[in-house]
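Let me begin by presenting the structure, written as structure tokens, before commenting on it.
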Amino acid sequence: MVINHSGIPVELREVLLSNKPNAMLAASSKGTVPVLVLPDGTVLDESLDIINWALDQKTHDLNTLEFSLCAQISEAGEGLIKVNDGVFKKALDGYKYWQGFTEKSQQQHRSEGELFLQQLETLLQLHQFLLGDQPSLVDIAIFPFIRQFAFVDKDWFDQSCYPLLQHWLQHFLDSELFLQVMTKYPVWDESKETKNLVNH
């Protein structure tokens, strides 16, 4: 989403995490998304690193965006993103792809993920967004993961005890920023070298 609003053209490769391409694993052995391969071969596979790179390449007036793009994320924000990209992402993978993580039940994976949902719900009792009354890069970095978690079982999420997080999620689902980047692309077939060039 930050790359989109920064006006950076990218070659997008849609992948299925249940069938990870060899080229993706060769670029990043973590086997998680996002993965950004730069023209010089540098690989960025952490959300925060990609966000910071996009900000450095910015071609648009960031003051016109609907959220606050700060050159530096606060220590609290970095902490949230670290938990999101680490412990919560592990729980999300187990919950979403539980057939491949059979050491625990799907319910157990969800319960572990809920610890982060509870943390976010508490923060949203203080502000409309995670760190203040205006959305920030931290919200943008975490939103896609909460969206994935919610849509594993949307009926459960909609009836769960996280009303503020539900409202927060819906705000971004309805945002122009999100709708702009939700174009559907065919799954990348590395044998055919299928590419989707995206110009913003």
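When the test is whether a residue is free of Cβ contacts under 8 Å to residues at least 40 places away in the same chain, not assigned by TED's automatic domain parsing to the domain that holds ASN52, not in a helix (DSSP H, G or I) and not charged (D, E, K, R), HIS109 does not pass it. For residues that are outside any strand (DSSP E or B) and touching a strand residue (DSSP E or B) at 6+ places or on another chain (Cβ under 8 Å), scanning just the range 133-152, find the one that is nearest to ASN52 (Cα to Cα). That would be LEU137. Against the conditions (1) surrounded by fewer than 14 Cβ atoms within 10 Å (Cβ to Cβ); (2) in contact with a Pro (Cβ under 9 Å, 6 or more places away or on another chain); (3) assigned to a helix (DSSP H, G or I), HIS171 satisfies every one except (1).
Residue-by-condition table, conditions (1) outside the structural domain of GLU11 (by TED's automatic domain parsing); (2) over 20 Å from ILE51 (Cβ atoms); (3) not in a helix (DSSP H, G or I):
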site: PHE88; (1), (2), (3): yes, no, no
site: LEU123; (1), (2), (3): yes, no, no
site: SER160; (1), (2), (3): yes, yes, yes
site: HIS167; (1), (2), (3): yes, yes, no
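Which of the residues that make up the range 95-105 are modelled with pLDDT under 95 and crowded, with 17+ Cβ neighbours inside 10 Å? Answer for the range 95-105, where residues must be modelled with pLDDT under 95 and crowded, with 17+ Cβ neighbours inside 10 Å: LYS96, TRP98, PHE101.
Being modelled with pLDDT under 80 and under 22 Å from LYS192 (Cα atoms) is the filter here, so list the residues in the range 34-60 that pass it. Answer for the range 34-60, where residues must be modelled with pLDDT under 80 and under 22 Å from LYS192 (Cα atoms): there is none. If you go through the range 1-28 and keep only what is in a loop (DSSP other than H, G, I, E, B) and either at pLDDT 90 or above or of a type outside the set (Ser, Thr, Tyr) (or both), you end up with MET1, GLY7, ILE8, PRO9, ARG13, VAL15, LEU17, LYS20, PRO21, SER28.
Being surrounded by 11 or more Cβ atoms within 10 Å (Cβ to Cβ), touching a Gly at 6+ places or on another chain (Cβ under 6 Å) and of a type in the set (A, V, I, L, M, F, W, C) holds for only one residue in VAL187, VAL152, VAL181, VAL138, and it is VAL138.
Number of residues in the range 15-42 that are touching a residue at least 40 places away in the same chain (Cβ under 8 Å), surrounded by 13 or more Cβ atoms within 10 Å (Cβ to Cβ) and of a type outside the set (A, V, I, L, M, F, W, C) equals 2. Taken over the range 123-167, the criterion of being closer than 23 Å to LYS82 by Cβ, over 18 Å from the mean Cα position of the chain (by Cα) and of a type in the set (A, V, I, L, M, F, W, C) is satisfied by LEU123, LEU124, LEU126, LEU164.
The values are calculated or read from the model by the stated rules, or taken from the named source; none is laboratory data. Values in this document were obtained by computation on a predicted structure and should not be read as measured data. Heads up, the Cβs are rebuilt from the backbone with ideal geometry, glycines too, and the neighbour counts pull from every protein chain shown.
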